[in-house]
């Protein structure tokens, strides 16, 4: 990018040991005609293959590459936030393909809604994957809702209405006011998830207003057998329970209602499976219930954790 052009938006892609995926992801983002953007790649890989794939696109001046020996998605995001320069910060993951107007759609939503601080977009399963639609295969972390809606207050179902970390954007001022991602949460840590849930819940508690829009769209290319998807789900549920337990003991009554709602649902599903003598479902719902309870205890142990503060590199 020319030094004379200040980016309106910074797109961050964090990656680790996925050289087979990163080129397609970045190429789809750079297909955007928008020139006043920067695309920042934060690479935590243990070898040079990812960097070699990124280098194939180095002729595009909008691309910036950061290699770091650190580990963990939250830590990588924080590095990218601090290193980026635009007033808007947009995230996706390295196993997603962006539609050509994705970046522009996000910018338009912020331009047309001056009172919002965050935009979440639609995430569709990548239909071109050879396993798409096969019986026993699932593509998790999607958000296919076509209805646009604002989230202006925190409720017990807010976190389910917004979307996922593979298509979300914030004004930089959100990080300046409320801090960064908790680096002990998320992929690459023992927790495996929870960083997006914690951040969204935390800033909504403090009055941030958000928008879910189906217009900015990415396609998630992460089809997996249902057994693997369920293992991922167990990790996410454990992490979510940790997060909501912490928020409850930090003063949020809404977090307590979320905890109670999930536990009631898991209990109902478990006994329904017992009633119908579905042993596989009994095991599945039993693991979810045990994970939620276990996460609550782990959340208590992690109450002293502090929020990383924002600073520009």
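Readers should treat all values here as calculations from the given coordinates under stated rules, not as data from a laboratory. Quick caveat, the model's predicted, so the values are computed rather than measured.
Of the three principal axes defined by the Cα atoms of the chain, the extents in descending order read 65, 44, 39 Å. P(r) for region 201-301, from all Cα pairs and a bin width of 5 Å, is 2, 12, 16, 17, 16, 16, 13, 6, 1, 0 %, short bins first. Per residue, the chain reaches -13500 deg cm²/dmol at 222 nm when only DSSP H runs of four or more residues are counted, each adding -39500 (n - 2.57). The coefficient of translational diffusion for region 58-199, derived via Stokes-Einstein from the alpha carbon Kirkwood radius under 37 °C and 0.692 mPa s, stands at 194 µm²/s. Compactness of region 1-56 is given as radius of gyration and Dmax, 12.1, 35 Å, from Cα positions. Please work out the Kirkwood hydrodynamic radius for region 156-236, using every pair of different C-alpha atoms, and report it in angstroms with one decimal place. Hydrodynamic radius (Kirkwood, Cα pairs) of region 156-236 is 14.4 Å. A Gaussian network model of the chain, with springs between Cα atoms under 10 Å, assigns the largest mean-square fluctuation among 230, 78, 113 to 113. On a per residue basis, the convex hull of the C-alpha atoms belonging to region 247-296 measures out at 47 Å³. Relative to one another, the C-alpha centroids of region 142-172 and region 41-59 are positioned 31 Å apart.
When Rg and the Kirkwood Rh are both derived from Cα coordinates, the Rg/Rh ratio for region 144-202 amounts to 0.97. If one computes the Cα centroid of region 72-115 and of region 211-266, what distance in Å separates the two points? About 21 Å separates the Cα centre of region 72-115 from the one of region 211-266. Comparing 88, 30, 301 in a Gaussian network model of the chain, where Cα atoms under 10 Å apart are tied by springs, the biggest mean-square fluctuation is seen for 301. Which of 299, 188, 251 moves the most in a Gaussian network model of the chain with Cα springs under 10 Å? Most flexible of the set in this elastic network: 251. For region 1-104, the fraction of C-alpha pairs more than 25 angstrom apart is 11%. Estimated translational diffusion coefficient (Stokes-Einstein, Kirkwood radius over Cα pairs, 10 °C, 1.306 mPa s) of region 113-267: 96 µm² per second.
As a length-normalised measure over Cα pairs under 8 Å and 6 or more apart, the relative contact order of the chain settles at 20 percent.
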